[in-house]
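Coordinate-derived values only; no laboratory data. The model shown is predicted, which means the values in this text are computed figures rather than measured ones. Positions of Cβ are generated from backbone atoms using ideal geometry, with glycine treated the same way; all protein chains shown enter the neighbour counts.
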Protein chains: 4
Amino acid sequence: MSTPVSGGVAAPLRVGVVGTGVMGTDHARLLARSVSGAVLTRVTDLDAGRAQALATELGAGASPDGPALVADPEVDAVVVASADATHAALVLAAAAAGKPVLCEKPLAPTLAEARSVVAQLERDGTDHLVALGFMRRFDPAHVELRAALHEGAVGAPLVVHGTSRGVTAGPGATSESSITGSFVHEADSVPWLLGSPAAEVSWQAPRRSSEAAEGLHDPQLLLLRTADGVLSTVEVFLNARYGYDVRCEVVGERGALALAESTHVVALTTRSTGLVRSSAYAADWRPRFADAYRLELQAWVDGARGGTGTRRAEAAGPGLATARDGLRAAAVCDAAVRSMRAGGSWTAVEVPA
Amino acid sequence: MSTPVSGGVAAPLRVGVVGTGVMGTDHARLLARSVSGAVLTRVTDLDAGRAQALATELGAGASPDGPALVADPEVDAVVVASADATHAALVLAAAAAGKPVLCEKPLAPTLAEARSVVAQLERDGTDHLVALGFMRRFDPAHVELRAALHEGAVGAPLVVHGTSRGVTAGPGATSESSITGSFVHEADSVPWLLGSPAAEVSWQAPRRSSEAAEGLHDPQLLLLRTADGVLSTVEVFLNARYGYDVRCEVVGERGALALAESTHVVALTTRSTGLVRSSAYAADWRPRFADAYRLELQAWVDGARGGTGTRRAEAAGPGLATARDGLRAAAVCDAAVRSMRAGGSWTAVEVPA
Amino acid sequence: MSTPVSGGVAAPLRVGVVGTGVMGTDHARLLARSVSGAVLTRVTDLDAGRAQALATELGAGASPDGPALVADPEVDAVVVASADATHAALVLAAAAAGKPVLCEKPLAPTLAEARSVVAQLERDGTDHLVALGFMRRFDPAHVELRAALHEGAVGAPLVVHGTSRGVTAGPGATSESSITGSFVHEADSVPWLLGSPAAEVSWQAPRRSSEAAEGLHDPQLLLLRTADGVLSTVEVFLNARYGYDVRCEVVGERGALALAESTHVVALTTRSTGLVRSSAYAADWRPRFADAYRLELQAWVDGARGGTGTRRAEAAGPGLATARDGLRAAAVCDAAVRSMRAGGSWTAVEVPA
Amino acid sequence: MSTPVSGGVAAPLRVGVVGTGVMGTDHARLLARSVSGAVLTRVTDLDAGRAQALATELGAGASPDGPALVADPEVDAVVVASADATHAALVLAAAAAGKPVLCEKPLAPTLAEARSVVAQLERDGTDHLVALGFMRRFDPAHVELRAALHEGAVGAPLVVHGTSRGVTAGPGATSESSITGSFVHEADSVPWLLGSPAAEVSWQAPRRSSEAAEGLHDPQLLLLRTADGVLSTVEVFLNARYGYDVRCEVVGERGALALAESTHVVALTTRSTGLVRSSAYAADWRPRFADAYRLELQAWVDGARGGTGTRRAEAAGPGLATARDGLRAAAVCDAAVRSMRAGGSWTAVEVPA
């Protein structure tokens, strides 16, 4: 994968992206335009026209389907951003082909399938080829919060308060998918922040928004206890309306640390409802985590290019989530869903061995 | 109580204050110096020297004890700020004497005693003479938050997040006193904000601060469900170290409302630990709620002076908590303590009839 | 003025208010309802009906005119809040009658008249009876900023940045009245903050708002140099539209101090122009400085009641502006107007001896 | 320069960096690790050992000197980050060789030299090969502020308030170098924000910090009037101590826009001086403008690679400053220095034709 060219510089990593929906398109554009050492060579999508349009825009080729893209000799490494149900097979195919793969969460739709994927990878000794797209691990604000916590800025952590709000629930959202699609980020990020695995979860039901669709309890409140005894409260609210708003505060024995408000410009203007100081909220997660996605892809490309002297320093930075991290997060979500079905009781997180 | 003087102005209300500890001293000074229509005539305390010193400072007299102060003809109305165990008897004595009384929380140390006080007042038809010192009802920030909520600024409320942090637990603090002394404010303010009575409570245990004394679980997390289905999370942390910090956010169907940070001056300075933008936190509740205490006393004095034309408009503003409100808050705390003893299960709030 | 009643408490100060426009009405209501030790006995206004309505609302009497009110034996002390042109005569009349008087700025419409008033007061030895209504000296945020500065929090001050914005210029506003009516507050507050008198002023012309009326240059930028060499920039903008916004930052040798944003509640809501975090601005100066006005009146009443033991401690707090302070501020404004007419040149502040 | 490889992707741009001080090292690392489509092939420095160490770290080669690097066939494009006095010759050499060059400010140490460089480039028709490193044009916050302004969010601009504070002046800093080294950024960014060229400047002297070295007046206040009549105040303070702090507020006819505070994490902690909410300031410009530098280099590399379909969309984004922009900024600084020497009088900005 690393053919030396002039000056000892490794050849760029040729990347293919499976799925050209919102996430896949973002990944493809970042790989083509903003990531060092990568070139985008192939994209594919169930909607062939959409894939071809993106390929043309970015100077890449279009593959007929995911398996073909994975097998293509012009593809050194694969990003999986297709429908959740397709993740497991594509990850296994890429790993079997010896190609690094970055898979959007979830690794698989159910805990059982995720377990089976990880078991297969570990059996084959290919688990080191698989990374999970928990991009918060690369968000500069989360990274700085974690660093301050680990440097002891506020002493031992005791309580975490998380908030995960979006503007409008996507079509077909259910109480379960709110957990496996949104809460899954805290299921990974809270243990990562604290350095302690999730132990048990309790699901609680606030008053239901009248704007939530049938089958969706929204908002939800999740309580998460990690092995270190820290209790986290996580409000997940898909229909918060006012903006995409992710917050986190860690309360410790000697103070508290919180993500700062994420805004570039403050506007002082007259509005119909009064005179206000305002700062815009993002409409969705992309502007909020744009830098995190870029840095995640850069770290993945650096790692995939194989640790030349050039890259080693950066690769030592905050690391990518592994397939096993994906399995752990799936186990937390599984416990949350079981708690919901059991009326909120504390439910143990069971990570398959 | 309202002798007309020149120009139809009612005579000032002559107030006596029982207890000259931190709260009683503050009340006495406010009554003597910052409340319109009141004069401080008597103070008393178990520590006679302390009472006499304050009396001298404020141009008042010292009474030998609480009952003597209540009975004194130079006292038109009474503030009770003595030890919790003395509240019930002093309130009943003042009411029996037909004198308005403002009693610091709690009305009585136990739910049973509080019930018995309210029953007696209602039997005698004197409950209108008794007000409870839930000063948040007069805090301009809480009042503005409640008004915006009731005007529909964010639609129907769904979730409330409350935080109640102090610097250091007082001597003798226990897990129970943390509830009946600190959480009791949210036990009153959350139903008051929402306009819906408390229905059930669940007590949850975060990791315990190593700085908490034996017998004190600190911090605590209380979940409170009101009759409207809204779920509130309340973190109570007596040993938060960094400052006195009361926060409240109400999340509704179309947005969220939160108390703003309460600070006057921002300092940009170099500190040993780095370069920072900082704003000072209060060391305790007094600077944070100074205005609330003053406005509470003003409303109480205005009401006690009896609704002349002059006062009526202001008295129609945000009202004082009643003895029954004190009983309700005590019932919430009682449920919280029962939940704690039961390991955190949801426990119904039972307000005696 | 201080007849002892029971318990040695001084009789309340009987106050009359001349002028029942916006400021006079606020002062009258505060004196009647929120200031300890005062009763409002008389009000008067050119509009007799308006005065009578307020008198009725507040349980006071109406006087036929300012001189009659000043002479009324039911009036111990006078607040002057009538038209600027009437201030000088009323202040002199009250002082001549030996009655304390709190006069809204300005002391007189011109520097020459202000000088003549102060000369008369000093000749008569009655200047101690006169206070000027520079309420920022009682604004808790300004007081805290000044205290931090004087405690050396940021070392020696070097630069001050002031902002004074309103929503809409009043009718008849001119470039001169913008200086004598708005900038006059910084003309007093900057020297008060720094503890150094104003030395010279330079007027600068930003681009003129197309919404400013004929004869009004708006916004304006004033540069003020105090005797200590500190340079202050003050933007005065009457038509800022978005809200009433007074800011101040003092930059020192080791850091900076600034007034914090003044808001109680933050709203996260969807607006037509996007998703925003907003905090309301006041529509005018009254909510912003409500507490300052109350504390100013309280300090004035306390002083006027004559320093009994009860009041001494509080009177030792931040003090009222004197007639001479009013003369100094008028001299700064006079220099600013002269600089404007001279095209912006630095112009010395000349305070009459 | 753009040899097509597989999939029509252009070959990476081979970049050489002259100067491996603070800025040059940052540029070299970004080009090697974080910019798409670039490879770092050569670096050089007066300190050959420093250059070699960086070359080794980044997998590049070391050139003996600037001219050799410019002439090297392994170098397609050049970044000039060496001492100010060397900029002009290196820019002209690169342009003469037909190689794109990104030159750190200033283009030349004096206005006369800058004029001569631009004249030469325009004579040769090579000015399109030269970009100046005014990185604020790529700072996401500045870009968003400018976009909101141009969309009419606050109506016509009237006043701008800029602040440019550093922690400690570098060795040898003088009153002139404070202007040509720090204020030069506002000399470019204010006209860029407003879309109007600088017309005249006035230099004003605040009280001088006792910590400023001989020959350095620090802080300074610059007044800048643009052709549209907008008046800008810019405080430049090299020894502000508390942190690196760049602010900008644009006040318009219907509101104001300001850069938000730039921070990721808020810490609530106890410090020796009290209880504070704090957010860290950067120690210098690198963390504040890290993203701006990366985006600037990316835009420059994209442009240098020549507008394939892949790159066209991004290249249409906010553009690089030209040599003529550098000349304009030098003319503003020249006027500021002349005003300083003339005691602060308004001085016309004269841009050579």
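Summary of computed values
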| quantity | calculated |
| --- | --- |
| Neighbour cut-off at most 10 other Cβ (10 Å), DSSP loop, GluC sites (Glu not before Pro), the range A:150-202 | A:151 |
| Over chain A: helical MRE at 222 nm, DSSP H runs n ≥ 4 each giving -39500 (n - 2.57), nearest 500 | -11000 deg cm²/dmol |
| Within 10 Å of each Cβ in A:108-118, the average number of Cβ atoms from other chains | 0 |
| Amide H contacts of residue D:62 (H built 1.01 Å from N, under 5 Å, at least 5 apart or other chain) | D:43 |
| Long-range HN-HN contacts of residue D:79 with modeled amide H, under 5 Å | D:16, D:17, D:18, D:102 |
| Gap separating the Cα centres of the range B:145-164 and the range D:60-126, nearest whole Å | 61 |
| Calculated FRET efficiency for the pair residue B:341/residue A:112, C-beta based, R₀ 56 Å, to 0.05 | 0.90 |
| Long-range amide H partners of residue B:13 with built H, under 5 Å | B:38, B:39 |
| Per-copy distances of the residue D:168 label point, shortest first, in nm (7 angstrom along Cα→Cβ) | 3.6, 5.4, 5.5 |
| Leading residue at positive end of dipole, chain B (Cβ point charges), from B:287, B:18, B:344 | B:287 |
| Sites residue A:286 and residue B:89, calculated FRET efficiency, Cβ-Cβ separation with R0 51 Å, nearest 0.05 | 0.20 |
| Dipole magnitude of the protein assembly as shown, debye to nearest 20 (Cβ charges: Lys/Arg +1, Asp/Glu -1, about Cα centre) | 0 |
| Whole-Å distance, taken between Cα centres, linking the range D:181-215 and the range A:176-200 | 49 |
| Within the protein assembly as shown, percent of DSSP bridges classed antiparallel, to nearest 5 | 65 |
| About the Cα centre, charge dipole magnitude for the range D:8-61 (Lys/Arg +1, Asp/Glu -1 at Cβ), debye | 160 |
| Neighbour-count ranking [beta-carbon atoms within 10 angstrom, fewest first] of C:241, B:123 | B:123, C:241 |
| Environment charge at residue A:320 (Cβ cut-off 11 Å; Lys +1, Arg +1, Asp -1, Glu -1) | -2 |
| Sequence of A:350, C:253 once ranked by neighbouring C-beta atoms within 10 Å, starting from the fewest | A:350, C:253 |
| A:87, B:217 arranged by Cβ crowding within 10 Å, fewest neighbours leading | B:217, A:87 |
| Dipole magnitude of chain A, debye to nearest 20 (Cβ charges: Lys/Arg +1, Asp/Glu -1, about Cα centre) | 500 |
| Charge sum, other residues only, whose C-beta stays under 15 Å from residue A:43's C-beta, Lys/Arg counted +1 and Asp/Glu -1 | -4 |
| Set of the range A:181-206 residues, backbone N closer than 18 Å to the point 7 Å along the Cα-Cβ line of residue A:348 | A:197-203 |
| Average beta carbon contacts from partner chains per residue of A:28-36, 10 Å cutoff | 5 |
| Square roots of 5 times each gyration tensor eigenvalue, C-alpha, the protein assembly as shown, largest first, Å | 59, 45, 23 |
| Backbone HN-Hα couplings from phi across the range D:42-50 [Karplus 6.51/-1.76/1.60, Hz, Gly and Pro as x] | 9, 9, 8, 7, 4, 8, 4, x, 4 |
| Distances in nm from residue D:286 to the matching label points in the other copies, shortest first (labels 7 Å along Cα to Cβ) | 3.3, 4.8, 5.5 |
| Between helix D:22-33 and chain D: long-axis angle, C-alpha atoms, 0 to 90°, nearest 10 | 50 |
| Percentage, to the nearest whole number, of Cα pairs in chain B over 35 Å apart | 25 |
| Net +/- balance of residues flanking residue A:211 in space, Cβ distance below 15 Å, scoring K and R +1, D and E -1 | +2 |
